[in-house]
Amino acid sequence: MLQSSTSVPFVDLHALHAPLQEEIQQAVRQAIDRGDFILGQAVRNFESDFARACGVEHGIGVACGTDAIALGLQACGIGVGDEVIVPANTFIATIIGVLHAGATPVLVDCEADTALIDLDAVDRAITPQTKAILPVHLYGQMVSPSRLQEIAERHGVLIFEDAAQAHLARREGHTAGSVGIAAAFSFYPSKNLGAAGNGGIVVTRDENVAERLRALRNYGAPQKYVHTYRGTNSRLDSLQAAVLNVKLPHLETWNRQRNEAARTYDRLLAPLQNRGIVPLRNECDLGHVYHLYIVRVDDTAGYDRNVLARELGRVGIQTGIHYPIPCHLQPAYRSFGDGEGSFPNTETLCACILSLPMYPSLSEAQIQQVVTSIEAAVCPPLASETPA
Ligand SMILES: *Cc1c(COP(=O)(O)O)cnc(C)c1O
């Protein structure tokens, strides 16, 4: 039997940072020596480099991804009385961001096989109050830009992307962050591009949105002590930007390694499809940046996702669930649905998905070990083979 000494962690930030240790420390030291701790040179460099990587002109660093959504929507003129269509299947911060902008989140269900927002449901949910569609490029896979743009144009509403899980993801020739009027990213440490703490950014090609955002994040002041807007204090820290500047040039490579790891998973897991282990569908091929690699543990398998997770944990393989309780069934957000049964695909997925280890340095041998362990759990050995 496999022993826990052969463990596979869920993410491995240490392996990611080890080769960059010197460079990161030097960048942080330099930022401290310069003393420009608030909106300094490191922030300006990162903002322009990251925006360029996304294929747009402006980047405005903020304190975290949640603020990037809230302030980004505000900068787009979205607030009280406005409806924003969001997926029911997302991390709760998407909803929090919309609420903090003062707008009303309108939840719609997701697709069963990609877990992405159901665009037919989006079409049906649009009302005269709708100001924006807020697609989430969930788990590293973009929502179809062409379909989003067709719907948005037909109804005359904006697209604001939650790209917190999709740094440099691509689909149909678009890069995440370049599809709508603006987009929010998070640099929470475990995201595809992570800081050494909190961080976020809004990217946009709209000069006016960028201007307003620079003021909104800085007490609403376009110039010192002139408070044109009711803003807040939410800035990307110079020290975090210094770290991000070192990591950004490696992001493409890391994303490619994640995609390769995912294809290895796909290949090795293929024989388990008819035993109820079904990976979420990738519609973006190499453009999927696999923030997470997720399988459904279907009913037909005759065993439970939680049992599988426990079995894997027993042999030292860490897994996660993203997310175990849908937003509309969370105690604080029950008013954004009709209780259980409101969004069937979302609810079914929350009950059966399992996130497997995924990070750039994940090796084929580790993936093989994860798959072998899943196989052992779902196809138990004969009693005579069970170790004492
Ligand atoms: C991480 C995340 C956020 C929020 O980012 P923070 O930096 O943690 O505030 C928003 N939306 C999604 C989909 C996320 O995964």
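Overview of values
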| read-out | value |
| --- | --- |
| Fully extended contour minus Cα-Cα distance, from A15 to H155, at 0.36 nm per residue | 45.7 nm |
| Angle between the chain longest axis and helix 364-378 axis [Cα atoms, degrees, rounded to 10] | 60 degrees |
| Per-residue ³J(HN,Hα) for the stretch 283-295, Karplus 6.51 cos²θ - 1.76 cosθ + 1.60, θ = phi - 60°, Hz, x for Gly and Pro | 9, 10, 6, 6, x, 7, 9, 6, 3, 9, 10, 10, 10 |
| Förster radius 22 Å - calculated FRET efficiency between S190 and S361 (Cβ-Cβ, nearest 0.05) | 0.95 |
| Net charge of neighbours whose Cβ lies under 14 Å from the Cβ of R281, counting Lys and Arg as +1 and Asp and Glu as -1 | -4 |
| Of L13, L73, L107, the one that fluctuates the most in a GNM where the chain has Cα springs shorter than 10 Å | L13 |
| Crossing angle, helix 65-75 versus the chain [Cα axis fit, 0-90 degrees, rounded to tens] | 40 degrees |
| Residue-wise HN-Hα coupling along the stretch 238-246, computed from phi with Karplus coefficients 6.51, -1.76, 1.60 (Hz; x: Gly, Pro) | 4, 5, 5, 5, 4, 5, 5, 4, 6 |
| Set of lysines with alpha-carbon distance to K224 below 27 Å, sequence-local pairs under 8 removed | none |
| Coordinate range along principal axes, alpha carbons of the stretch 227-367, Å, largest first | 61, 43, 32 |
| Cα-based Rg and Dmax for the stretch 144-233, where Dmax is the largest Cα-Cα distance (Å) | 15.2, 44 |
| Residue-wise HN-Hα coupling along the stretch 190-203, computed from phi with Karplus coefficients 6.51, -1.76, 1.60 (Hz; x: Gly, Pro) | 8, 5, 4, 10, x, 8, 9, x, 7, x, x, 8, 10, 10 |
| Qualifying lysines (Cα of each under 22 Å from Cα of K191; at least 8 residues distant if same chain) | K247 |
| Net charge of Cβ neighbours under 11 Å - reference P105; Lys, Arg +1; Asp, Glu -1 | -2 |
| The chain - Rg (one decimal) and Dmax (whole number), Cα, Å | 21.5, 78 |
| Under-5 Å amide H pairs with E161, H placed in peptide plane, nonlocal only | G180, A182, A183, A184 |
| 5 angstrom amide H check on V108, placed H, neighbours 5+ away | V86, A88 |
| Cβ-placed point charges (K, R +1; D, E -1), dipole of the stretch 15-248 about Cα centre in debye, nearest 20 | 660 debye |
| Principal-axis tilt of helix 21-34 within the chain, Cα atoms, nearest 10 degrees | 20 degrees |
| Under 5 Å, built H, 5+ apart or other chain: amide partners of T130 | E83 |
| Dipole of the stretch 242-388 [Lys/Arg +1, Asp/Glu -1 at C-beta], most positive-end residue of A365, P331, I277 | A365 |
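Throughout, read-outs are computed from the coordinates displayed, never taken from laboratory work. Note that the structure is a prediction, hence the values are computed from the model and not measured. Using ideal geometry, Cβ is built from the backbone for each residue, glycine included, and neighbour counts are taken over all protein chains shown.
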